[in-house]
Ligand SMILES: [Zn+2]
């Protein structure tokens, strides 16, 4: 049995979507930092992967409250792009 945080998948998608319009570093390190910041501001919603029905319900529910998620992801992108955890010279 495995537990999955439904919020993680949603934040992943939002990040990818919103970063398309952002001119900032998108390396793995920054992506992880952004994801961590966004997830820390959002409630975790864990479901066990064997319960597919509950998973889709929660997923749909969380997507409906996407306003909060957008705010958190926007904030995370801003924070990391202004203060990346690596020097800008390392940017590839
Ligand atoms: Zn970076």
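The values are calculated or read from the model by the stated rules, or taken from the named source; none is laboratory data. This structure is a prediction, so every number in the text was calculated from the model and none was measured. As a convention, Cβ positions derive from the backbone with ideal geometry for all residues, glycine included, and neighbour counts pool all protein chains shown.
Go through segment 5-17 and give me each residue that's touching a strand residue (DSSP E or B) at 6+ places or on another chain (Cβ under 8 Å) and either buried (at least 19 other Cβ atoms within 10 Å of the Cβ) or within 14 Å of residue 76 (Cα to Cα) (or both). If the condition is that a residue be touching a strand residue (DSSP E or B) at 6+ places or on another chain (Cβ under 8 Å) and either buried (at least 19 other Cβ atoms within 10 Å of the Cβ) or within 14 Å of residue 76 (Cα to Cα) (or both), then 6 is the only one that fits. One residue stands out among those in segment 18-27 that are farther than 14 Å from residue 79 by Cβ and more than 8 Å from the ligand (Cβ to nearest atom): the one that is modelled with the highest pLDDT, which is 20.
When the criteria are applied in full, residue 35 meets the requirement of being in contact (Cβ under 8 Å) with a residue 12 or more places away in the chain and either within 16 Å of the ligand (Cβ to nearest atom) or at positive phi (or both). Within segment 66-82, at least one residue is within 14 Å of the ligand (Cβ to nearest atom), at pLDDT 90 or above, loosely packed, with under 14 Cβ neighbours inside 10 Å and more than 11 Å from the chain's Cα centre (by Cα).
Scanning segment 37-64 for residues that are under 29 Å from residue 79 (Cα atoms) and out of contact with any strand residue (DSSP E or B) (no Cβ under 8 Å at 6 or more places or on another chain) turns up 37, 38, 40, 41, 42, 43, 59, 60, 61, 62, 63, 64.
Take residue 58 and tell me if it is surrounded by 12 or more Cβ atoms within 10 Å (Cβ to Cβ) and within 16 Å of the ligand (Cβ to nearest atom).
Judged against the criteria, residue 58 is not a match.
Please verify whether residue 32 is outside any loop (DSSP other than H, G, I, E, B) and surrounded by fewer than 11 Cβ atoms within 10 Å (Cβ to Cβ), treating the condition exactly as stated. Considered against the rule, which asks whether it is outside any loop (DSSP other than H, G, I, E, B) and surrounded by fewer than 11 Cβ atoms within 10 Å (Cβ to Cβ), residue 32 comes out as no.
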